[in-house]
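Participant: Encoded as structure tokens, here's the structure I'll be asking about.
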Amino acid sequence: MNLTINTSFPENGSSQSLLILVDSEQIQSAASTYQINNLDTLIEASQFKAGLAESLSLIGQISQSQHAALIGLGKTAELQAGKLAKIAQAIIKASQKKFKQISVDLTQLPQELHYLFALALTQASYGYDEYKSKKNEFILEQIDFIAAETPLTAEQLQLIQAVQTGQNLARDLGNRPGNICFPEYLAEQAQALAAQYPDLLKVTVLNEQQIADLGMGAFLAVSKGSDRPGRIITIEYLAHREEAPVVLLGKGITFDTGGISLKPGAGMDEMKYDMCGAASVLGTLRALCESRLPIHVVGAIAAAENMPSGKATRPGDIVTTMSGQTVEILNTDAEGRLVLCDALTYVKRFNPALVIDIATLTGACVVALGSVLTGMFTPDNELAAELETAGQNAFDRVWRMPVLDDYQEQLDSPFADIANIGGPKAGSVTAACFLQRFTRDYRWAHLDIAGTAWNSGPNKGATGRPVPLLMQFLANRVQKHG
């Protein structure tokens with residue numbers, strides 16, 4: 001999506017569609033700005049109240065535009081960021097099959113919401129029809145914003161467009177089925193991205209023999225049950241920069257049956273989304289290449305398929321991790337932490353400034369936070385504050401959860417150094433505490449996106465979160481450190 005910003009509607013310009021956002025208490029100001037005749041009559045006839053996302057068509061009222069409409073904001077004094085998505089979805093739904101270009105007047109929208117509204121419009125414009133014989137036929141390509149005074153800059157618009165590109169990639173990867181998107185496929189996608197940006201990216205892919213040679217027994221305990229071999233993938237962005245990198249590590253379980261601890265059949269199709277952490281890493285790297293942020297980043301992906309077979313790990317098996325710690329696997333459906341723990345040890349070789357892992361890790365996090373907030377776990381107060389700020393900036397919010405040593409005893413095992421589950425209490429917390437045992441040598445945060453990575457129901461599909469959060473975090477870091 002191409003985005004532009006102008007201080008006024010061009011007098012001699014032509015817009016396929018002009019959409020004017022209006023406060024329910026300031027509707028008449030639009031009449032004077034655009035010389036709309038008989039607006040009172042139109043409002044009375046249609047009973048237009050400018051409620052949230054309510055629209056009023058202005059047929060033949062504005063000569064510079066083929067189509068024009070007022071779009072209600074409700075009372076802007078009561079308008080919250082969370083309501084912007086509803087307005088954006090209404091605009092995109094009405095426009096994307098009719099117009100290649102639209103203009104949106106932001107004058108009555110509070111300035112502090114301009115960035116988030118522009119971002120919401122790009123997010124609403126996504127559609128997935130890769131495997132449908134009848135395509136969506138979306139034609140909308142450009143949105144021109146109009147505002148006499150706006151904090152939006154060309155750099156912000158470029159960042160929004162980059163986030164859209166990366167978030168769409170993450171959504172596409174998440175939505176692809178397990179027979180298409182498997183560990184080797186993710187490796188191919190990383191290599192294709194590097195081929196597209198050879199001056200920016202460097203990719204390394206480890207096969208299972210190399211993974212075994214490194215002693216990644218926990219990772220192999222998951223991948224060995226599948227005929228699809230696992231892969232450890234690293235994608236280094238701006239490797240020539242001297243500063244220590246930010247490492248983003250994604251869980252890439254391309255399909256999760258639960259292994260021998262088999263999941264119930266109902267809803268198991270959604271377990272193709274268990275690689276959305278990996279998808280968000282690839283999406284963020286794509287967005288970085290689009291925006292060309294000056295920062296050293298390493299994307300890492302632990303990709304495996306969790307299947308039941310004669311080779312699969314049994315509950316009660318004990319494995320040795322790359323760190324040397326031994327793990328008793330009490331539940332093979334707690335596999336994400338097994339592939340991640342070895343990957344967390346592996347990424348130490350990059351001497352990271354910090355590591356953020358992103359994983360659809362626990363159903364317990366969905367119970368705790370639903371689909372609104374991503375669970376954030378870190379013992380680092382400064383890092384937590386930076387992620388919280390980025391989440392608010394991008395409206396891709398997190399909620400800090402505890403990761404305390406008090407919970408570690410739930411992971412005690414009589415037979416190994418650690419068990420891979422901690423019982424029914426505080427499941428998302430003990431999962432984070434498990435990962436923490438492999439992160440003592442660097443700053444670390446864990447994002448549990450099990451509730452936010454995809455939507456169920458009639459609007460089923462990957463959300464591409466937390467690409468907006470991660471990109472905003474990196475952009476804020478660039479602004480702070482230069």
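Participant: So in segment 127-155, with the set limited to residues that are surrounded by fewer than 19 Cβ atoms within 10 Å (Cβ to Cβ) and aromatic (Phe, Trp, Tyr), which one is farthest from residue 9 (Cα to Cα)?
Facilitator: Among them, the one singled out is 131.
Participant: Based on what the data block shows, is residue 260 more than 19 Å from residue 360 (Cα to Cα) and out of contact with any strand residue (DSSP E or B) (no Cβ under 9 Å at 6 or more places or on another chain)? Break it down into steps so the answer makes sense when it comes.
Facilitator: Working: more than 19 Å from residue 360 (Cα to Cα): yes; out of contact with any strand residue (DSSP E or B) (no Cβ under 9 Å at 6 or more places or on another chain): yes.
Yes; evaluated as a whole, the condition is true for this residue.
Participant: Restricting attention to strands (runs of 3 or more DSSP E) lying wholly within segment 1-113, give those where 3 or more residues are aliphatic (A, V, I, L, M). Write out each step before concluding.
Facilitator: Numbers: elements: 2-6, 18-22, 55-57, 68-72, 101-105.
Here the list reads 18-22, 68-72.
Rundown of residues vs (1) in contact with a Phe, Trp or Tyr (Cβ under 7 Å, 6 or more places away or on another chain); (2) among the β-branched types (Val, Ile, Thr); (3) closer than 24 Å to residue 329 by Cα, yes/no style:
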| site | (1), (2), (3) |
| --- | --- |
| 361 | no, no, yes |
| 400 | no, no, no |
| 411 | yes, no, yes |
| 427 | no, no, yes |
| 437 | no, no, yes |
| 450 | no, no, yes |
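Participant: In segment 196-294, which strands (runs of 3 or more DSSP E) lie fully inside it and hold 2 or more residues that are more than 22 Å from residue 439 (Cα to Cα) and open to solvent by 10 Å² or more (accessible area, probe 1.4 Å)? I'd like the intermediate steps shown before the answer.
Facilitator: On the way: elements: 201-206, 231-237, 246-256.
Hits in segment 196-294: 201-206.
Participant: Also, I was wondering about something else. Taking residue 322 and the conditions (1) part of a helix (DSSP H, G or I); (2) more than 16 Å from residue 447 (Cα to Cα), which numbered condition does it fall short on, given that it satisfies the others?
Facilitator: Result: residue 322 fails condition (1) only.
Participant: Also, I was wondering about something else. In this structure, is residue 167 assigned by the TED database to the domain that holds residue 287, surrounded by fewer than 18 Cβ atoms within 10 Å (Cβ to Cβ) and out of contact with any Asp or Glu (no Cβ under 8 Å at 6 or more places or on another chain)?
Facilitator: Considered against the rule, which asks whether it is assigned by the TED database to the domain that holds residue 287, surrounded by fewer than 18 Cβ atoms within 10 Å (Cβ to Cβ) and out of contact with any Asp or Glu (no Cβ under 8 Å at 6 or more places or on another chain), residue 167 comes out as no.
Participant: From the list 158, 123, which one is touching a residue at least 24 places away in the same chain (Cβ under 8 Å) and buried (at least 22 other Cβ atoms within 10 Å of the Cβ)? It would help to see each step written out before you state the result.
Facilitator: Values: 158 fails: buried (at least 22 other Cβ atoms within 10 Å of the Cβ).
After ruling out the rest, the residue left standing is 123.
Participant: Moving on. Restricting attention to segment 295-320, report how many residues are open to solvent by less than 10 Å² (accessible area, probe 1.4 Å) and among the small types (Gly, Ala, Ser).
Facilitator: Total meeting the criteria: 6.
Participant: Can you tell me which residue is modelled with the lowest pLDDT among those in segment 1-17 that are surrounded by 13 or more Cβ atoms within 10 Å (Cβ to Cβ) and touching a helix residue (DSSP H, G or I) at 6+ places or on another chain (Cβ under 8 Å)?
Facilitator: First, the residues of segment 1-17 that are surrounded by 13 or more Cβ atoms within 10 Å (Cβ to Cβ): 1, 3-6, 9, 13, 15-17.
Now drop any that are not touching a helix residue (DSSP H, G or I) at 6+ places or on another chain (Cβ under 8 Å), which leaves 1, 3-5, 9, 17.
Numbers: 1: 90, 3: 95, 4: 93, 5: 92, 9: 81, 17: 93.
Per the criteria, the residue is 9.
Participant: Among the listed residues 391, 457, 422, which satisfies the condition of being out of contact with any Pro (no Cβ under 6 Å at 6 or more places or on another chain), open to solvent by less than 10 Å² (accessible area, probe 1.4 Å) and not hydrophobic (A, V, I, L, M, F, W, C)? Steps first, answer last, please.
Facilitator: Working: 457 fails: open to solvent by less than 10 Å² (accessible area, probe 1.4 Å); 422 fails: open to solvent by less than 10 Å² (accessible area, probe 1.4 Å).
Step by step, each of 391, 457, 422 is checked, and only 391 is out of contact with any Pro (no Cβ under 6 Å at 6 or more places or on another chain), open to solvent by less than 10 Å² (accessible area, probe 1.4 Å) and not hydrophobic (A, V, I, L, M, F, W, C).
Participant: Answer yes or no: is there a residue in segment 175-182 that is over 17 Å from residue 288 (Cβ atoms) and of a type in the set (Val, Ile, Thr).
Facilitator: Yes: one or more hits.
Participant: Can you spot a residue in segment 62-69 that is of a type in the set (A, V, I, L, M), surrounded by 17 or more Cβ atoms within 10 Å (Cβ to Cβ) and farther than 16 Å from residue 145 by Cα?
Facilitator: Residues of segment 62-69 that are of a type in the set (A, V, I, L, M), as a first pass: 62, 68-69.
Still in the running and surrounded by 17 or more Cβ atoms within 10 Å (Cβ to Cβ): 62, 68-69.
With the extra rule that they be farther than 16 Å from residue 145 by Cα, the set shrinks to 62.
Yes - at least one qualifying residue is present in segment 62-69.
The values are calculated or read from the model by the stated rules, or taken from the named source; none is laboratory data. Computed from a prediction, not measured in an experiment: that's the story for all the values here. Here the Cβ is made from the backbone with ideal geometry for all residues, glycine too, and neighbour counts use every protein chain on show. Each accessible area value is taken on the protein alone, full model and side chains, heavy atoms only, with ligands, DNA and RNA left out. Shrake-Rupley method; radii C 1.70, N 1.55, O 1.52, S 1.80 Å.
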